[in-house]
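Right, one structure below, let's go through it.
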Amino acid sequence: MSETAVPAGRTSSLRGAALALLLAFSLVYSVAAIIGTYDTFNHSWDEPAHIAAGVELLDRGTYDMEPKHPPIARLAAGFGPWLMGATIRQEGEGIYFAEGRRILYETGDYRQVLTAARLGNIPFFLTTLLATWLLARRLFGAEAAACSVFFAATTPVLIGNAAVATLDTAPVAFGLLALYAFVQWLEKPGRGNSVALGAFSAAAILSKFSALPFLTVTFAAIVGWHYWLARDRDNPQPVVTQAHLAGSRFLIAAGVLVAWASYGFHLNALSYPQPDDTGGTLEAIAQAKVYPAFLRYVPLGLLQTAAFSGAGHPSFLLGETGAGGWPHYYLVGLLFRTQLPLLALGLGGFAHMIVTSRRHRNYAAAIPAIGFLAILAFVSLTSSINIGVRHILILYPLLAIGAGYAVCRLCETVRLRIAVMALAALLVAWQFATSLYAHPDQMAYFNALAGNHPERILINADLDWGQDLDRLSAELKERGVESLSIDYNGSADISRHGLPPYTVLKPDTPATGWIAVSLFHLAWYHEDYAWLEKFEPATRVGKSINLYFIEEEPASTEGG
């Protein structure tokens, strides 16, 4: 345990029971909040693609439709639908969205199939809470760990992304476990810790390839901080020793095994020799050259990811649109999409960690802060794909550890103890109240700083991910709407979601009657939608669709 940890001692039974109760509450609340969104939202933009890719690997043992993303999270998304009978009917690259929609709409009841896919993310979310507990307890003690889990479990952005069948929760879970294993490995570079570090790091990378640079910069920053703190000592010990290097073979072996397992232990043939008259079929099989499937898919996926990053993606920030990204995108995202108590306590906790770490020359005390800053600096300086804070989701559990640490340090304050403890309790209550208020729209949560128009700040996957089509259908039925013009941003087949007879609205073509437009399209085609700006929406459906009613102008009559 680090020098900043809560002093060892026999914890009273009352305190132990309180910690257990807080942990149990955090688990039950967060899982209930996740499951409570399933009946509200239709599938978001990317869910069909991930479901189809997972089903392909389970059904056919291939991973050819879209290898750009690795398979672990996709296997979890596809497993439930696959058990319900989902199969792949078409082969070839680039059909994953079409196959995913077919699986959702034709395997069985749409809502049941989608729920089965989304349930695959719950183990990753629970693992995130477990890893938060392990890392915080290792560094700061059980009380700070329990508070950290509470803050993570009540963070809307974490809950919202865990409630959809996408890739962003799994790398957070395994990335935090890899960070915990890295701390263990630095101090005790034995075989077990080497295996754990290799396995968890590989699992994070095979959940989402962006975990590779995230882990790299985090580990490098921690080693650098460790070295910097030791630089003035009379006899500093090397950060990485011969023992660490000796264990690297176990680390690599564990990583390779996880990589191969994630693609189903399949083998790809380099060649298929034809049997001849002398050797027959057995001889041909013996001479066939094969290699593990991951050796093909991982490089291919990394190359496609690099190409995607180089090309950029349509993005929106503070009223501007573009495809190259902005260095301040994620800073803005964190400022407006993080609960204010979590933001204040987390950043305050980080500052205290760094000061304490320097004072005691204990590198481990600042690990959450160093990891947070390293990843945030990396994405701000390099990322050209600005489509949601979900891409830096791992920062939220680290921020939660900072908040849990801060609460415990506040409660230890001697001066003005009652007032400080009351302030800590108020911030904790505020955190929970905002989490409750955000339900069921945790995926589109913005804090009070965003005001009533968060669509002026961020949109891509932060606010509008195509999730509110079923809510639109319910709203139209309640209003008795008989016809509609619609411009929807999403991957859903709008003909299958109970809408009244509709026409697809073109941004540059004014219309009358009932009109529904996704916020992303209003922002992206704002010049073409200038004609609509003079009208006030009848309502905002969910968080992502404006519904208008525009009366027809009466025909002019001229006297003769």
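Of all residues in the stretch 318-334, which are more than 20 Å from Thr382 (Cβ to Cβ) and out of contact with any strand residue (DSSP E or B) (no Cβ under 9 Å at 6 or more places or on another chain)?
First, the residues of the stretch 318-334 that are more than 20 Å from Thr382 (Cβ to Cβ): 318-319, 321.
Those that are more than 20 Å from Thr382 (Cβ to Cβ) and out of contact with any strand residue (DSSP E or B) (no Cβ under 9 Å at 6 or more places or on another chain): Leu318, Gly319.
Look through the stretch 451-482, keep the residues that are part of a loop (DSSP other than H, G, I, E, B) and free of Cβ contacts under 8 Å to residues at least 12 places away in the same chain, and return whichever of them is farthest from Ser44 (Cα to Cα).
Going through the qualifying residues, I end up with Gly480.
Conditions (1) of a type in the set (Ser, Thr, Tyr); (2) modelled with pLDDT of 95 or more, marked per residue:
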position: Ser383; (1), (2): yes, no
position: Leu398; (1), (2): no, yes
position: Ile401; (1), (2): no, yes
position: Ala422; (1), (2): no, no
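Looking only at helices (runs of 4 or more DSSP H) that fall completely inside the stretch 329-400, which ones have 3 or more residues that are aromatic (Phe, Trp, Tyr) and in contact (Cβ under 8 Å) with a residue 24 or more places away in the chain?
Because the criterion is at least 3 residues that are aromatic (Phe, Trp, Tyr) and in contact (Cβ under 8 Å) with a residue 24 or more places away in the chain, the helices (runs of 4 or more DSSP H) in the stretch 329-400 that meet it are 329-337.
Please work out which residue is modelled with the lowest pLDDT, limiting yourself to the stretch 531-560 and to residues that are polar (S, T, N, Q) and out of contact with any Gly (no Cβ under 9 Å at 6 or more places or on another chain).
Thr557
Condition first: small (Gly, Ala, Ser), in a loop (DSSP other than H, G, I, E, B) and within 22 Å of Asp462 (Cβ to Cβ). Can you find one or more residues in the stretch 504-524 that meet it?
No, that holds for no residue.
Within the bounds of the stretch 451-471, is there any residue that is touching a helix residue (DSSP H, G or I) at 6+ places or on another chain (Cβ under 7 Å), loosely packed, with under 14 Cβ neighbours inside 10 Å and not charged (D, E, K, R)?
no
If you scan the stretch 513-527, which residues turn out to be modelled with pLDDT under 95 and over 26 Å from the mean Cα position of the chain (by Cα)?
Tyr525, His526, Glu527
Are any of the residues in the stretch 42-49 in contact with a Phe, Trp or Tyr (Cβ under 9 Å, 6 or more places away or on another chain), assigned to a helix (DSSP H, G or I) and within 16 Å of Leu206 (Cα to Cα)?
Taking the stretch 42-49 as the starting set, the residues that turn out to be in contact with a Phe, Trp or Tyr (Cβ under 9 Å, 6 or more places away or on another chain) are 42-46, 48-49.
Then keep just the ones that are assigned to a helix (DSSP H, G or I); that gives 48-49.
From what's left, within 16 Å of Leu206 (Cα to Cα): none.
The answer is no; no qualifying residue exists.
So for the stretch 66-75 (the condition being in contact (Cβ under 8 Å) with a residue 24 or more places away in the chain, of a type in the set (Val, Ile, Thr) and outside any helix (DSSP H, G or I)), does at least one residue qualify?
No, the stretch 66-75 has no match at all.
Going by the conditions given, is Ser485 part of a strand (DSSP E or B), of a type in the set (Ser, Thr, Tyr), surrounded by fewer than 21 Cβ atoms within 10 Å (Cβ to Cβ) and not assigned by TED's automatic domain parsing to the domain that holds Phe97? Reasoning before the result, please.
On the way: part of a strand (DSSP E or B): yes; of a type in the set (Ser, Thr, Tyr): yes; surrounded by fewer than 21 Cβ atoms within 10 Å (Cβ to Cβ): yes; not assigned by TED's automatic domain parsing to the domain that holds Phe97: yes.
The answer is yes for Ser485.
Among the residues of the stretch 168-188, count how many are surrounded by fewer than 24 Cβ atoms within 10 Å (Cβ to Cβ) and of a type in the set (Asp, Glu).
Residues flagged as surrounded by fewer than 24 Cβ atoms within 10 Å (Cβ to Cβ) and of a type in the set (Asp, Glu) within the stretch 168-188 amount to 1.
Looking only at the stretch 337-358, decide whether some residue is more than 29 Å from Val389 (Cβ to Cβ) and modelled with pLDDT under 95.
Narrowing the stretch 337-358 to residues more than 29 Å from Val389 (Cβ to Cβ): 358.
Then drop every residue that is not modelled with pLDDT under 95, which leaves 358.
Checked against the condition, which is being more than 29 Å from Val389 (Cβ to Cβ) and modelled with pLDDT under 95, the stretch 337-358 yields at least one hit.
For the stretch 235-242, check the following and say yes or no: at least one residue is free of Cβ contacts under 8 Å to residues at least 60 places away in the same chain, buried (at least 21 other Cβ atoms within 10 Å of the Cβ), at negative phi and of a type in the set (S, T, N, Q). So that I can check it myself, show each step before the final result.
First, the residues of the stretch 235-242 that are free of Cβ contacts under 8 Å to residues at least 60 places away in the same chain: 235-242.
Retained after the next criterion (residues that are buried (at least 21 other Cβ atoms within 10 Å of the Cβ)): none.
No, the stretch 235-242 contains no residue that is free of Cβ contacts under 8 Å to residues at least 60 places away in the same chain, buried (at least 21 other Cβ atoms within 10 Å of the Cβ), at negative phi and of a type in the set (S, T, N, Q).
If the requirement is being crowded, with 24+ Cβ neighbours inside 10 Å and of a type outside the set (S, T, N, Q), which of these qualifies: Ala163, Ala142?
Numbers: Ala142 fails: crowded, with 24+ Cβ neighbours inside 10 Å.
Only one candidate passes the filter, namely Ala163.
Regarding His266, is this residue surrounded by 14 or more Cβ atoms within 10 Å (Cβ to Cβ), at pLDDT below 85 and touching a Gly at 6+ places or on another chain (Cβ under 6 Å)?
Working: surrounded by 14 or more Cβ atoms within 10 Å (Cβ to Cβ): yes; at pLDDT below 85: yes; touching a Gly at 6+ places or on another chain (Cβ under 6 Å): yes.
So His266 passes the test.
Output the residue which, of all residues in the stretch 273-323 that are β-branched (Val, Ile, Thr) and part of a strand (DSSP E or B), is modelled with the highest pLDDT.
Residue satisfying both the conditions and the ranking: Thr321.
Just to be sure, is Leu139 in the same structural domain as Ala246 (by TED's automatic domain parsing) and over 26 Å from Val31 (Cβ atoms)? Spell out the reasoning first.
Details: in the same structural domain as Ala246 (by TED's automatic domain parsing): yes; over 26 Å from Val31 (Cβ atoms): no.
Answer is no for this residue.
Right, Arg74: in contact with an Asp or Glu (Cβ under 7 Å, 6 or more places away or on another chain) and crowded, with 16+ Cβ neighbours inside 10 Å or not?
Answer is no for this residue.
Looking at the stretch 152-256, what helices (runs of 4 or more DSSP H) fall wholly within it and have at least 2 residues that are at pLDDT below 95?
It comes to 169-187, 191-205, 211-230, 242-246.
Please count how many residues of the stretch 1-34 are at pLDDT 75 or above and β-branched (Val, Ile, Thr).
Counting residues in the stretch 1-34 that are at pLDDT 75 or above and β-branched (Val, Ile, Thr) gives 3.
Only one residue in Leu423, Leu427 is among the aliphatic types (A, V, I, L, M) and surrounded by fewer than 16 Cβ atoms within 10 Å (Cβ to Cβ). Which one?
Details: Leu427 fails: surrounded by fewer than 16 Cβ atoms within 10 Å (Cβ to Cβ).
On inspection, the qualifying residue turns out to be Leu423.
Specify which of the listed residues (Arg191, Arg137) is surrounded by fewer than 24 Cβ atoms within 10 Å (Cβ to Cβ), among the basic types (Lys, Arg) and more than 19 Å from Pro368 (Cα to Cα).
After applying the criteria, what remains is Arg191.
The values are calculated or read from the model by the stated rules, or taken from the named source; none is laboratory data. Computed from a prediction, not measured in an experiment: that's the story for all the values here. Every residue, glycine among them, receives a Cβ derived from its backbone with ideal geometry; neighbour counts consider all protein chains shown.
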